[in-house]
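Data block below; observations after.
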Amino acid sequence: MLKGIPAILSPELLKVMMEMGHGDTIVIADGNFPGASMAQRLVRLDGHGASEILDAMLKLMPLDTYVQEPFKLMEVVPGDPVETPIWDEYAAILEKHQPGTKIGHVERFAFYELTKKAYCVVQTGESALYANILLQKGVVTS
């Protein structure tokens, strides 16, 4: 155990976050996401929700300020009547840690292609639909 590090962040995920450089991306995937078939590296955090993992990660990892949308969500497929209240939770967490950051939306299959290029996929137990997030790491300045 270490002081100041959220306990939800496993040693494996902390290692991955430390290895990532400026511009690298990481996906926080919901429980339905095909993470194992798409990930270069897969970290499993089953039993945990995406919001709590996002909050813990953003305490330690800055997002890229040199791109317009360093935080991207998978778009709802047109015609799918699914509600996405978890997106409001994500927005509040993002505003708490990196105020003013824009949230992008990416079509489902384009999101899969970005995932294949991501440094890591964090597979959660999140049951909300369309709860997938792509984060682009920024520079630690202080």
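The values are calculated or read from the model by the stated rules, or taken from the named source; none is laboratory data. Predicted model only: the values in this text are computed from it and were never measured. Backbone-built Cβ (ideal geometry, glycine too); neighbour counts: all protein chains shown. These accessible areas exclude ligands, DNA and RNA; they are computed on the full protein's heavy atoms, side chains included. Shrake-Rupley method; radii C 1.70, N 1.55, O 1.52, S 1.80 Å.
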Choose one of Ala128, Gly100, Ala118: the residue whose Cα lies farthest towards the positive end of the charge dipole of the range 89-140 (beta-carbon charges +1 Lys, Arg; -1 Asp, Glu; about the Cα centre). Ala118
Can you tell me what share of the DSSP beta bridges in the range 3-142 is antiparallel? A percent to the nearest 5 is fine. 40
Classify the range 1-49 as rounded, prolate or oblate from the Cα gyration tensor: take a ≥ b ≥ c as the square roots of its eigenvalues, call it rounded if a/c is under 1.5, otherwise prolate when a/b beats b/c and oblate if not. oblate
For the chain, what does the accessible surface come to per residue with a 1.4 Å probe? Please give it in Å². 52
Compare Asp24, Asp30, Asp55 by solvent-accessible area with a 1.4 Å probe and give them largest first, with all protein chains kept in place. Asp24, Asp55, Asp30
Gain on full stretching of the segment that runs from Leu2 to Ala91 - 0.36 nm per residue minus C-alpha separation: 29.2 nm
Counting Lys and Arg as +1 and Asp and Glu as -1, each charge on the Cβ, what is the dipole of the chain about the Cα centre in debye, to the nearest 20? 540
Just how much of Thr65 is accessible, in Å², when a 1.4 Å probe is used and the result is rounded to the nearest 10? 110
Please list, in chain and number order, the residues 5+ apart from Thr65 or on another chain whose amide H is under 5 Å from its amide H, with Hs placed from the backbone. Val139
Each residue of the range 13-29 in order: what ³J(HN,Hα) in whole Hz does its phi give by Karplus 6.51 cos²θ - 1.76 cosθ + 1.60, θ = phi - 60°, with x for Gly and Pro? 5, 4, 4, 4, 4, 5, 6, 5, x, 4, x, 5, 10, 9, 10, 9, 10
Any chance you could give the angle, 0 to 90 degrees and rounded to 10, that helix 86-97 forms with the longest Cα principal axis of the chain? 30
Between Asp24 and residues 5 or more places away or on another chain, which pairs have amide H atoms under 5 Å apart, with H built 1.01 Å from N, and which residues are they? Lys137
Reduced to Cα centres, the span from the range 118-142 to the range 1-79 in Å works out to 3
Quickly estimate the mean residue ellipticity at 222 nm for the chain, helices only: each DSSP H run with n ≥ 4 gives -39500 (n - 2.57), and the total goes over all residues, rounded to 500. -9000 deg cm²/dmol
Ignoring ligands, DNA and RNA, please state the percent of accessible area on the chain from carbon and sulfur, probe 1.4 Å. 55
At Val67 and Lys102, where each label point lies 7 Å from the Cα along Cα→Cβ, what is the point-to-point distance in nanometres? 1.3
Report the net charge of residues surrounding Ile93, where surrounding means a beta-carbon distance below 14 angstrom and charges are Lys +1, Arg +1, Asp -1, Glu -1. -4
Shape category assigned to the range 40-111 from the gyration tensor of Cα positions, a/c cut at 1.5: rounded
Convert each backbone phi in the range 126-142 into a coupling constant with the Karplus relation 6.51 cos²θ - 1.76 cosθ + 1.60 (shift: θ = phi - 60°), then list the ³J(HN,Hα) values in order as whole Hz, x for Gly and Pro. 4, 9, 5, 7, 6, 9, 8, 10, 10, 10, 10, 6, x, 9, 7, 10, 9
Taking the C-alpha atoms of the range 1-131, how large are the radius of gyration and the largest Cα-Cα span, Dmax, in Å? 14.0, 47
